[in-house]
Amino acid sequence: GLSECPFCGEAAGRELEAHVRARHGHLLGASGTGNGDQLYECPMCSLTCTNIQILEEHVELHLEEHNISEGENMEDLELAQRLQSEEDKWQRSEEEKREKEEFQKLQKQYGLDNSGGYKQQFLKNMEREVNRGRMQPFEYHKRKADMMECLAFGIDDGKTKTSGIIEALCKYYKNENKDVRHVWLSAGVDHFHSSLGDRGWGCGYRNFQMLLSSLLQNSLYRDCLRDATLIPSIPKIQSMIEDAWREGFDPHGASHFNNSLRGSKAWIGACEIYSLLTSLRIKCQIIDFHKPTGPGGTHPRLFEWVLRYYSADSEGGAKVVCTSKPPIYLQHQGHSRTVIGIEEKKNKTLCLLLFDPGCSSQEMQKLLKQSNDATSLKALRKFVGSLKDKQYQIVAVGGVLSLEEKAARCCASQVLTSEKIP
């Protein structure tokens with residue numbers, strides 16, 4: 001701060017010494033003692049001097065001390081500012097480092113880290129199996145050759161597929177007499193689970209395969225899908241999504257993936273499924289359940305929507321309704337599944353029936369056995385209290401698009417693709 005003059009109180013700062021000498025030299029204290037001697041009082045500390053020279057020297061000492069103190073204060077201030085600047089710089093550097101690490105982690109998590117795709121992961125995992133003695137070298141070479149052939153033709157090898165589950169469920173529910181009042185099942189659908197090539201990231205692609213397996217059994221959709229009469233492999237699905245982006249679908253989503261999926265382990269979600277289906281002239285919609293609508297973070301409105309979807313066209317009070325409706329794609333943070341039906345219990349509670357790509361063929365084939373019981377259905381059943389993620393999205397199919405409707409939806413997808421449930 002600025003130093004004040006001890007004589008007049010004026011702010012003088014570093015020029016205090018010059019100020020005192022110029023303005024108040026004549027006041028460097030004088031008072032009588034009553035015995036004829038002249039005494040001089042220091043205006044800074046009230047010390048009494050008997051000689052004007054002594055007082056001047058004394059005041060100079062005060063002024064020098066003041067200048068040194070001012071200099072030290074400035075040095076302290078400069079040091080503090082420098083230290084603060086270095087601290088800010090270090091914090092910025094740490095923050096940038098943290099952000100970079102988080103970004104790399106996210107890239108790796110979502111398969112955008114250029115670490116290879118389905119083929120590379122398949123080969124790497126098979127090599128690991130050989131090294132651990134779980135696979136013979138001849139089997140490695142045979143499976144590699146089979147995989148390369150399937151990838152060349154763009155078709156799935158079918159090794160993770162289980163068929164006939166909807167038909168088996170239909171029989172089970174007709175004989176079940178305990179607590180199910182009504183059940184609605186989708187049209188026939190095959191279950192696909194993750195393989196050595198897509199474990200950890202392929203759920204979106206596997207759910208698309210499930211949905212497609214159902215659409216291909218329906219004459220309404222078969223004409224649109226004549227170029228995909230066989231279930232496509234995951235790399236083929238990736239190139240199909242890229243084709244949809246090139247047509248102009250969802251440019252915002254495409255830019256998230258740098259317009260490229262092939263050769264990556266990129267996770268896909270509801271928007272990519274919507275773009276792909278619409279590009280194939282399949283009419284569908286995304287419904288966004290963006291917040292819980294029930295107690296304890298639950299989503300009863302999601303269950304009610306699924307019930308309306310499956311029961312809309314059914315008449316009468318039949319206990320088991322095998323509808324012609326395609327299954328529903330269900331997305332939440334980090335995973336997706338396929339809704340293949342819904343139960344209504346005698347106490348009116350609802351229970352979704354889900355195909356999970358994380359569930360193995362061995363588990364799913366248990367549902368095909370004649371001795372099927374409630375315990376084997378445990379892998380499919382999800383009650384309201386089981387779905388507590390913050391947000392869910394569904395993609396539901398409902399007809400075929402004309403070329404004009406497809407073009408209109410392409411334009412619309414450049415702005416908005418989902419409808420939010422309030």
Considering every residue within the stretch 311-321, establish whether at least one is modelled with pLDDT under 95 and part of a helix (DSSP H, G or I).
yes
Inside the stretch 310-357, the number of residues satisfying the requirement of being exposed (fewer than 15 other Cβ atoms within 10 Å of the Cβ) and within 22 Å of Q209 (Cβ to Cβ) is 3
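Can you pull out every residue in the stretch 175-197 that is of a type in the set (S, T, N, Q), within 23 Å of K119 (Cβ to Cβ) and open to solvent by 20 Å² or more (accessible area, probe 1.4 Å)?
Step one: list which residues in the stretch 175-197 are of a type in the set (S, T, N, Q), which gives 175, 177, 186, 194-195.
Now drop any that are not within 23 Å of K119 (Cβ to Cβ), which leaves 194-195.
Within the stretch 175-197, just S194 meets the criteria.
Taking only the stretch 112-124 into account, find how many residues are over 16 Å from S195 (Cα atoms) and either modelled with pLDDT under 60 or in a helix (DSSP H, G or I) (or both).
Kept after step one, since they are over 16 Å from S195 (Cα atoms), are these residues of the stretch 112-124: 112-115.
When the remaining residues are screened for being either modelled with pLDDT under 60 or in a helix (DSSP H, G or I) (or both), the result is 112-113.
Count: 2.
It is to be established whether one or more residues within the stretch 217-236 are among the polar types (S, T, N, Q), farther than 19 Å from V400 by Cα and open to solvent by 40 Å² or more (accessible area, probe 1.4 Å).
Here is the first cut: in the stretch 217-236, the residues among the polar types (S, T, N, Q) are 217-219, 229, 233.
After this cut, where a residue has to be farther than 19 Å from V400 by Cα as well, the list is 233.
Now restrict to residues that are open to solvent by 40 Å² or more (accessible area, probe 1.4 Å): none.
No, the stretch 217-236 contains no residue that is among the polar types (S, T, N, Q), farther than 19 Å from V400 by Cα and open to solvent by 40 Å² or more (accessible area, probe 1.4 Å).
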Name the single residue that is most open to solvent (accessible area, probe 1.4 Å) among those in the stretch 358-374 being touching a helix residue (DSSP H, G or I) at 6+ places or on another chain (Cβ under 8 Å), touching a residue at least 60 places away in the same chain (Cβ under 8 Å) and closer than 24 Å to W267 by Cβ.
G358
Test A254 against the stated conditions and say whether it is surrounded by fewer than 22 Cβ atoms within 10 Å (Cβ to Cβ) and either assigned to a helix (DSSP H, G or I) or not polar (S, T, N, Q) (or both).
yes
So which residues in the stretch 324-350 are out of contact with any Leu (no Cβ under 9 Å at 6 or more places or on another chain) and in a strand (DSSP E or B), if there are any at all?
Q331, H335, K345
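Per-residue answers, yes or no, for (1) assigned to a loop (DSSP other than H, G, I, E, B); (2) under 33 Å from the mean Cα position of the chain (by Cα); (3) surrounded by 12 or more Cβ atoms within 10 Å (Cβ to Cβ):
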| position | (1), (2), (3) |
| --- | --- |
| A145 | no, no, no |
| M148 | no, yes, yes |
| D157 | yes, yes, yes |
| L169 | no, no, yes |
| Y173 | no, no, yes |
| R199 | yes, yes, yes |
| Y205 | no, yes, yes |
Go through the stretch 125-140 residue by residue and tally those that are assigned to a helix (DSSP H, G or I), open to solvent by 60 Å² or more (accessible area, probe 1.4 Å) and either modelled with pLDDT of 95 or more or farther than 30 Å from S213 by Cα (or both).
5
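The values are calculated or read from the model by the stated rules, or taken from the named source; none is laboratory data. Owing to the predicted nature of the structure, the values given are computational and were not obtained by experimental measurement. Quick reminder, even Gly has a Cβ in these numbers, built from the backbone with ideal geometry, and neighbours come from all protein chains shown. Note: areas computed on protein heavy atoms with side chains; ligands, DNA, RNA excluded. Shrake-Rupley method; radii C 1.70, N 1.55, O 1.52, S 1.80 Å.
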